[in-house]
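Data block below; observations after.
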Amino acid sequence: MVNYLTVIGISIAFAVFVLICRAYIWPPLINAMRARQERIAQGLENAEKAEEALAKSNADAEVLLRDARAEGQRIIEQARAQATMVVEDAKDHAREEGERILTAARAEITQEINRARENLRQEVAYLAVVGASRILSSEIDRRKHSAMLENLVREL
């Protein structure tokens with residue numbers, strides 16, 4: 001009987017333990033598990049939202065990057081066009097300056113030619129006068145006259 005009584009006593013103690021656990025321990029434990037489950041679910045939901053936000057941010061960043069590349073390319077093209085225009089303007093200016101210098105040089109050459117011609121005329125006139133005075137100062141002789149003209153030609 002002792003064995004039965006022990007089993008009955010242990011069974012009653014166990015039943016009381018289960019009732020106490022069910023009344024005082026089980027509800028806070030269940031509440032804690034539900035709260036933990038809700039926090040986990042909320043965390044998963046937040047993670048999904050964060051992942052969606054990240055995907056949207058990546059897409060927005062890609063669009064911004066594409067726009068920035070297009071803008072950079074446009075700026076580069078404008079810079080190239082402007083550089084080409086500056087080079088062309090510089091070439092045009094250089095051509096105009098070269099033509100101006102060439103025109104001035106031609107004018108200076110023409111003046112030098114005219115001065116040389118004038119000097120040559122003056123020298124020829126002087127030599128003609130000198131030659132005529134020599135011819136007139138000496139007696140007129142065909143041989144002397146020819147010799148003087150030859151000397152005059154050599155002097156020229």
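The values are calculated or read from the model by the stated rules, or taken from the named source; none is laboratory data. Everything quoted here is computed from the prediction, not taken from an experiment. No Cβ is skipped: glycine too gets one built from the backbone with ideal geometry, and neighbour counts run over all protein chains shown. Side chains included, ligands, DNA and RNA excluded: accessible areas come from the protein's heavy atoms. Shrake-Rupley method; radii C 1.70, N 1.55, O 1.52, S 1.80 Å.
Residues that are in contact with a Leu (Cβ under 6 Å, 6 or more places away or on another chain) and either surrounded by 10 or more Cβ atoms within 10 Å (Cβ to Cβ) or at pLDDT below 90 (or both): does region 131-146 have at least one?
Filtering region 131-146 down to residues in contact with a Leu (Cβ under 6 Å, 6 or more places away or on another chain) leaves 131.
After this cut, where a residue has to be either surrounded by 10 or more Cβ atoms within 10 Å (Cβ to Cβ) or at pLDDT below 90 (or both) as well, the list is 131.
Yes, that holds for at least one residue.
If I filter region 33-44 for residues that are assigned to a helix (DSSP H, G or I), of a type in the set (S, T, N, Q) and over 45 Å from the mean Cα position of the chain (by Cα), do I get at least one hit? Before the answer, list the steps.
We begin by selecting, within region 33-44, every residue assigned to a helix (DSSP H, G or I); these are 33-44.
Applying the additional criterion that residues be of a type in the set (S, T, N, Q) yields 37, 42.
Those left that are additionally over 45 Å from the mean Cα position of the chain (by Cα): 37, 42.
Yes.
Scanning region 63-88 for residues that are open to solvent by 90 Å² or more (accessible area, probe 1.4 Å) and more than 19 Å from the chain's Cα centre (by Cα) yields a total of 1.
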